[in-house]
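Notes follow once the structure below has been shown.
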């Protein structure tokens, strides 16, 4: 059930993201008054802190149970592709976060995904370097992601818990 829910949420998220006009029309900044905002914001901060402190156990706790062993192994292997993306590469997530003077977190929820676990993109960026208006147009988002100026992670909720997937970072 979890994999099917997750797969469906990912498929819908990709569809929404690929259709620029539709993506902007069906995405919105999560309001600080929304019930999920405070919950997911605390998760986003916890995830950021775990990454900066290299707390593998915490990073793994946000992965679906079926993938935990694999992800745990990859994050502990300093030669794995996933570890390099998180910590070693020039524009690693760790470097983006560590070098930010005013690391800002923005939550963008996808209306079509609400029935599939509150699909929400979590953006991290240095507000001191740039002022962004969300949701971002797809071409601008991709450009900023490619440059390592922002980082985006997709979270979804299932049975009251928030999960993410590191599968998007795939192997070489």
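Taking the residues in the range 37-56 that are surrounded by fewer than 16 Cβ atoms within 10 Å (Cβ to Cβ) and touching a residue at least 12 places away in the same chain (Cβ under 8 Å) as candidates, determine which candidate is farthest from residue 85 (Cα to Cα).
Selected residue: 39.
Just checking, does the range 107-125 include any residue being farther than 24 Å from residue 37 by Cβ, surrounded by fewer than 14 Cβ atoms within 10 Å (Cβ to Cβ) and in contact (Cβ under 8 Å) with a residue 12 or more places away in the chain? Give the derivation first.
Of all residues in the range 107-125, those farther than 24 Å from residue 37 by Cβ come to none.
Checking the range 107-125: not a single residue is farther than 24 Å from residue 37 by Cβ, surrounded by fewer than 14 Cβ atoms within 10 Å (Cβ to Cβ) and in contact (Cβ under 8 Å) with a residue 12 or more places away in the chain.
Kindly list the number of the only condition in (1) within 22 Å of residue 136 (Cβ to Cβ); (2) not in a helix (DSSP H, G or I) that fails for residue 79.
Unmet condition: (1).
Here, each number is a calculation from the coordinates, and none is a lab measurement. Note that this is a predicted model, so its numbers are computed, not measured. Methodologically, a virtual Cβ is constructed for each residue, glycine included, from the backbone with ideal geometry; neighbour enumeration extends over all protein chains shown.
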